[in-house]
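A short worksheet on the structure shown next.
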Amino acid sequence: MARIKDRLKNNSPGPFFVDSSCIDCGSCWHIDPEHFAPTGRSSYVHTQPQGQKEIRKALLALVDCPVAAIGAPKELTPVLSSAFFPILVTKHPAGDVYYCGWSSKRSFGASSWLILRKEGNVLIDSPRWSAPLARQIKRMGGIRQIVLTHRDDVADHKRWAKAFHSLRWIHQDDADAAPEAEIKVIGLDRLPLGKGLKLIPTPGHTKGSMVALLGDQQQILFSGDHLWWNAEKAVLVASKDYCWWNWAEQLQSVKRLLGLDVSWILPGHGYAHQFKAGEWESAIKQILNHGEKVTTSMQV
Ligand code: SF4
């Protein structure tokens, strides 16, 4: 738990606070921007939650925090023992999508997502191991397959796969991060993962990066660290700053996503976003138009 003696000075006065163990992963202000915000080096509570609904939201951020840097009043501790996650993000004919919370420090607080499907649920990237989350997921039908979008966000995949006897997918070029994965994807071809769900290799951020695409229309793109939404600037982002392998290849991978009908992007890091009709195509073109001009470290 967060320690009051390490409470950061810029927190607003009141019972909720962020302490100095914050690693600035962004999970809290992605899930609860009404109460948490970044300073540039860490997070802080900009407004204290009021009322049950707001307190519940702030507690979601607390549970999600990968390093337990968020403090809350002691009397709320019993509430914390009840499972909040997974929470519904959106319903889709190819599978309803839930946010798992319980971010892991090992994946720098990356988001993971659960798709509920008739033919078996699919987990996109791994949260940290959590018995309350596992109990909830078991009630929801377990996890048949785990997609590891790239090497950075594998977290506690071994425990999740063992608990649910899941099949894990990772690209061969990132497979040293999860050599236990049962299925290694090879090459650049799109790969069906059952009806209405496919994997698309998108090398760039890492050599073995992949995205997962749900549905044939009004699709949901699980983008790993290939792309994410920047809510402050209201733009889709591919980041040269955070490109660990090959920026030119990453732009080629962005180009291969033209022509999709994406209605939601659910990334590993950064904000999720729901697109208006036609917005996806122009967002991708904006990245391509600016991407090749980027010679210094910056986001496009
Ligand atoms: S979730 Fe925790 S570690 Fe991440 S930014 Fe918020 S307080 Fe910091």
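What follows is calculated from the coordinates using simple rules that are stated; it is not laboratory data. What you see is a predicted model; the values in this text were computed from it and never measured. Every residue, glycine among them, receives a Cβ derived from its backbone with ideal geometry; neighbour counts consider all protein chains shown.
Farthest towards the positive end of the charge dipole of the chain, among the residues S43, G194, A163, is the Cα of A163, using unit charges on the Cβ of Lys, Arg, Asp and Glu. When shorter helices are ignored and each DSSP H run of at least 4 residues is given -39500 (n - 2.57), the per-residue value for the chain at 222 nm works out to -6000 deg cm²/dmol. In region 87-291, the DSSP beta bridges split such that about 65 percent are antiparallel, to the nearest 5. Close amide H contacts of S43 (hydrogens built in the peptide plane, cut-off under 5 Å, sequence separation of 5 or more or a different chain): D24. Annotation: amide H-H contacts under 5 Å for L167 (H modelled 1.01 Å from N, sequence separation of 5 or more, or interchain): Q145, I146.
For I265, I23, I87, what's the fewest-to-most ordering of other Cβ within 10 Å of each Cβ?
Numbers: I265 24, I23 15, I87 12.
Result, fewest neighbours first: I87, I23, I265.
How high is the relative contact order of region 87-291? Use alpha-carbon pairs under 8 Å, at least six apart in sequence, and give a whole percent.
Values: 463 pairs, mean separation 29.1, N = 205.
Relative contact order of region 87-291: 14 percent.
Amide H contacts of T202: S209, M210, V211, each under 5 Å away and 5 or more positions distant or on a separate chain (H built 1.01 Å from N in the peptide plane; Pro and chain starts excluded). Taking the alpha carbon gyration tensor of the chain, multiplying each eigenvalue by 5 and rooting it gives semi-axes of 30, 23, 18 Å, largest first.
Shown in residue order for region 221-228 are the 3J(HN,Hα) couplings computed by the Karplus curve 6.51 cos²θ - 1.76 cosθ + 1.60 at θ = phi - 60°: 9, 8, 9, x, 9, 6, 8, 7 Hz (x for Gly and Pro). Region 120-199 and region 263-290 have Cα centres lying 24 Å from one another. Karplus-based coupling profile of region 263-280, in residue order and whole Hz: 9, 9, 10, 10, x, x, 10, x, 7, 6, 7, 9, 8, 7, 4, x, 6, 4, with θ = phi - 60° in 6.51 cos²θ - 1.76 cosθ + 1.60 and x standing for Gly or Pro. Backbone phi angles across region 152-168, fed through the Karplus curve with coefficients 6.51, -1.76 and 1.60 (θ = phi - 60°), yield HN-Hα couplings of 6, 10, 8, 6, 9, 4, 5, 5, 5, 5, 5, 5, 10, 6, 8, 8, 9 Hz in residue order; Gly and Pro are listed as x.
Provide the net charge surrounding G278, with neighbours chosen by a C-beta distance below 15 Å and charges set as Lys +1, Arg +1, Asp -1, Glu -1.
Details: positive: K276, K285; negative: D261, E279, E281.
With Lys, Arg at +1 and Asp, Glu at -1, the net is -1.
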